Amino acid sequence: MTSVPSYWKRGRIKWDTAMIAGATPSTEEAGFWLEGDDPNGTPFVSIADMSRREHVSATAKSLSSGALESRSMPIGQPGTLLFAMYASVGEVAFLDISATWNQALLGITPDPDKVDSRFLRYVLLDMRDDLLRDVRSNTQSNLNARQVGDIWFRRPPLPEQRAIADYLDRETARIDTLIEEQQRLIEMLRERRSAVLSSSLEPTGAWGCYRIKYIGETSLGKMLDAGRAIREGDELRPYVRAADVRANGSVNLVDLNEMPFSADEMATFDLRAGDVLLIEGGATVGRPGFLFDAAPGVAFQKTVNRLRVGGRADPRFVYWSMLRLYESDYYANHYSSVSFVHLTGEKLREIELRLPALDEQRRIAAHLDEQTAKIDTLIEESERFIELSKERRSALITAAVTGRIDVREAA
């Protein structure tokens with residue numbers, strides 16, 4: 001590690017580049033808008049077209065000549081840097097095509113006598129976290145061209161900028177390859193997990209078919225009484241909501257929201273070991289969570305259904321069965337989005353599950369606990385590897401563009 005070389009100059013985006021913001025023509029003029037691959041149009045870049053990409057080579061929409069004239073739209077040539085000022089603040093990508101862009105993006109063309117475009121891209125990537133923090137700390141949720149233009153950065157001589165860009169191209173490509181390999185491994189492990197779940201729960205001729213209402217009782221949680229005065233005898237109690245039913249099947253019981261409950265309500269909305277909790281609505285409707293331990297003093301809210309099974313079923317087996325339904329898109333396949341916005345108690349009680357003998361349920365549940373735990377450990381290790389690799393990538397970019405490493409020595 002070295003200090004910033006004294007011969008590096010201080011650059012400023014507005015001094016060392018040409019910048020131009022885009023615009024959006026009227027969406028009410030149908031003749032303005034063409035398909036992205038229409039040869040008669042000019043590709044129109046939105047944030048969705050460039051997000052998480054190093055290069056933009058295609059767009060969803062293009063504009064007619066009339067649309068370009070209506071807003072004096074800029075036209076960028078291949079090599080132009082696009083910088084996101086809204087939404088995905090700090091995203092940056094090269095244009096690989098001649099195109100225009102919307103007002104959320106800033107087109108940046110470096111002065112070739114001062115700044116290498118690849119070096120500048122890495123500089124902007126390095127600043128992304130700082131820019132996001134600045135945006136979040138202000139009432140304004142976006143950046144503007146003036147703020148971007150005022151950004152200062154360290155500017156070494158051009159040959160060194162190119163050497164830094166070459167070094168980072170090479171090293172980040174290696175890291176990205178490792179990340180992609182781990183992502184493919186995670187995908188394979190998740191497929192393996194689903195296969196284990198499906199094969200273990202595949203019914204045989206000895207399995208019976210039971211509606212949930214015949215194997216347990218269901219209850220929807222208490223409605224959130226926001227702003228209502230606390231009744232005499234009520235006490236503020238923590239409660240589980242949909243957000244606390246996690247994707248890994250656990251239920252968060254720490255730092256919960258609170259609302260007033262009476263003693264009778266706490267008896268009604270209690271949580272016991274073996275309870276299966278199911279999200280009542282939204283994008284994750286039907287996703288189950290399982291309580292391994294009782295949660296005295298904790299209740300649950302109406303965004304969650306509680307399923308408490310009786311002696312005919314093993315609670316853990318029922319959890320795995322409900323997870324299989326959720327992962328197989330059971331709810332989307334059996335109910336339209338119009339008629340099935342929520343997993344009501346009535347709908348939940350009518351769902352059919354296939355159950356073997358109780359001893360067999362317990363054996364299958366124990367097998368699934370063991371096998372999925374092994375797979376989940378491997379997934380967690382891969383996710384941690386990806387996280388560390390991204391941190392390494394970010395640290396490498398920072399060190400290179402601020403001169404804290406000499407890439408000539410690292411080559």
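The values are calculated or read from the model by the stated rules, or taken from the named source; none is laboratory data. These numbers were taken from a predicted model, which means no experiment stands behind them. All Cβ positions, glycine included, derive from the backbone under ideal geometry; neighbour counts span all protein chains shown. For the accessible areas, the whole protein counts, side chains as well, though only heavy atoms, and no ligand, DNA or RNA atoms are used. Shrake-Rupley method; radii C 1.70, N 1.55, O 1.52, S 1.80 Å.
The table below lists the values:
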item: Rounded accessible area per residue of the chain, 1.4 Å, Å²; result: 52
item: Share of Cα-Cα pairs in region 230-379 lying beyond 28 Å, as whole percent; result: 23
item: Length-normalised contact order of the chain in % [C-alpha pairs under 8 Å, at least 6 apart]; result: 17
item: Rounded to the nearest 10 Å², the accessible area of K9 at probe 1.4 Å; result: 120
item: Full-extension gain in nm, R10 to R133, via 0.36 nm per residue minus C-alpha separation; result: 42.0 nm
item: Percentage, to the nearest whole number, of Cα pairs in the chain over 28 Å apart; result: 64
item: Rg to Rh quotient for region 347-411, alpha carbon positions, Kirkwood Rh; result: 1.46
item: Relative contact order of region 103-244, pairs being alpha-carbon contacts under 8 Å that are 6 or more residues apart, as %; result: 23
item: Region 77-160: equivalent-ellipsoid semi-axes (sqrt of 5 x gyration tensor eigenvalues, Cα, Å); result: 22, 17, 10
item: Table column - 3J(HN,Hα) (Hz), region 360-376, Karplus curve with 6.51, -1.76, 1.60, x for Gly and Pro; result: 5, 4, 5, 5, 5, 4, 5, 4, 5, 4, 5, 5, 5, 4, 4, 5, 4
item: Fraction of accessible area attributable to carbon and sulfur, the chain (%, probe 1.4 Å); result: 49
item: Residues whose placed amide H lies under 5 Å from that of V304, excluding near-sequence neighbours; result: G221, E280
item: Most mobile listed residue (P296, P78, P356) in the chain, GNM with C-alpha springs under 10 Å; result: P296
item: Gaussian network model of the chain, Cα within-10 Å springs - most flexible of P39, P260, P288; result: P39
item: Karplus (6.51, -1.76, 1.60) ³J(HN,Hα), θ = phi - 60°, over region 197-212, in Hz, Gly and Pro reported as x; result: 5, 5, 5, 6, 9, 6, x, 10, x, 7, 7, x, 10, 9, 6, 4
item: Computed [θ] at 222 nm, helices only, for the chain once each DSSP H run of length n ≥ 4 contributes -39500 (n - 2.57); result: -12500 deg cm²/dmol
item: In region 1-65, chymotrypsin sites (Phe, Trp or Tyr not before Pro) in a DSSP loop with at most 13 other beta-carbon atoms within 10 Å; result: Y7
item: Value in Å of the Kirkwood radius, where region 137-269 supplies the Cα pairs that are averaged; result: 23.0
item: Cut-off 13 Å between beta-carbons: net charge of the residues surrounding A242, Lys and Arg +1, Asp and Glu -1; result: +3
item: In degrees, nearest ten, helix 117-137 long axis to first principal axis of the chain (Cα); result: 50
item: Amide H within-cut-off set for R154, under 5 Å, with H built and near neighbours excluded; result: G11
item: Segment D113-E391, extension gain: residue separation times 0.36 nm, minus the distance between their alpha carbons; result: 96.8 nm
item: Distribution of pairwise C-alpha distances over region 113-183, 5 Å bins, in %; result: 3, 14, 18, 19, 15, 14, 12, 5, 0
item: Estimated FRET transfer efficiency (R272, E352; beta-carbon r; R0 22 Å; 0.05); result: 0.35
item: Net charge contributed by nearby residues that have their C-beta within less than 15 Å of G36 (K/R +1, D/E -1); result: -3
item: The chain: most fluctuating residue of L236, L143, L278 per GNM, C-alpha cutoff 10 Å; result: L236
item: Karplus-derived HN-Hα couplings along region 289-296 (A = 6.51, B = -1.76, C = 1.60, θ = phi - 60°), whole Hz, x at Gly and Pro; result: x, 10, 9, 7, 10, 5, 10, x
item: Angle between the chain longest axis and helix 315-327 axis [Cα atoms, degrees, rounded to 10]; result: 40
